[in-house]
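Let me begin by presenting the structure, written as structure tokens, before commenting on it.
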Amino acid sequence: MSTECRMRATVNQKLTEMGERERLKELLRAKLTECGWEDQIKAHCKEVIKDKGLEHVTVEDLVAEITPIGRALVPDSVKKELFHRIKAFLAQHAT
């Protein structure tokens, strides 16, 4: 396991143990709803289903097609806010 993988696992464990991971997920959900991200994703899903036909689209196909779009549509301001919160959490709880 690489150093980066171990570090990610440690950070993830610390966030989970302290309950911060759930708080960050709730913040992310709220921010994405606030900026209209969910509506954009729903519209893309409907478009894919309309283009391919309901009987020709599986959930797996939809997820594979929408995931990169969804990631790209997350506003930079939301990404930055989450990054800063994680950074502050880690600085506060460094061991």
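I'd like the orientation of helix 37-52 relative to the chain: the angle between its Cα long axis and the longest Cα principal axis, in ° from 0 to 90, rounded to 10.
40
Across the chain, how many lysine pairs separated by 8 or more positions, or lying on different chains, have Cα atoms within less than 30 Å?
Lysine pair count for the chain: 23.
Would you compute, for the Cα atoms of the chain, the largest minus smallest coordinate along each principal axis and list the three values in descending order, in whole Å?
Here the Cα extents, ordered largest to smallest, are 53, 34, 20 Å.
For region 1-57, rounded, prolate or oblate, judged on the Cα gyration tensor with a ≥ b ≥ c (square roots of eigenvalues), a/c < 1.5 rounded, else prolate if a/b > b/c?
The shape class here is oblate.
How large a share of the accessible area of the chain, in percent, is made up of carbon and sulfur atoms when the probe is 1.4 Å and the other protein chains stay in place? Provide the component values of the computation, followed by the final result.
On the way: 4250 of 7370 Å².
After summing per-atom areas, the C and S share lands at 58 percent.
By per-residue mean of other Cβ atoms within 10 Å, what is the highest-first order of 24-30, 5-11?
Listed from highest to lowest mean packing, they are 24-30, 5-11.
Which three lengths, in whole Å and largest first, does region 26-80 cover when its Cα atoms are put on their principal axes?
38, 17, 16 Å, listed from the longest principal axis down.
May I ask you to order 51-63, 70-82 by the average number of other C-beta atoms within 10 Å around their residues, highest value first?
Per-residue Cβ counts within 10 Å, averaged per peptide and sorted highest first, yield 70-82, 51-63.
With a 1.4 Å probe and all protein chains left in place, how much accessible area per residue does the chain have, in Å²?
78
Could you compute how much accessible surface residue 18 exposes when probed at 1.4 Å, giving the result in Å² to the nearest 10?
The accessible area of residue 18 comes to roughly 90 Å².
The values are calculated or read from the model by the stated rules, or taken from the named source; none is laboratory data. Note that the structure is a prediction, hence the values are computed from the model and not measured. Don't worry about glycine lacking a Cβ; one is built from the backbone with ideal geometry, like all the others, and counts go over all protein chains shown. What goes into the accessible areas is simple: the full protein's heavy atoms, side chains included, and nothing from ligands, DNA or RNA. Shrake-Rupley method; radii C 1.70, N 1.55, O 1.52, S 1.80 Å.
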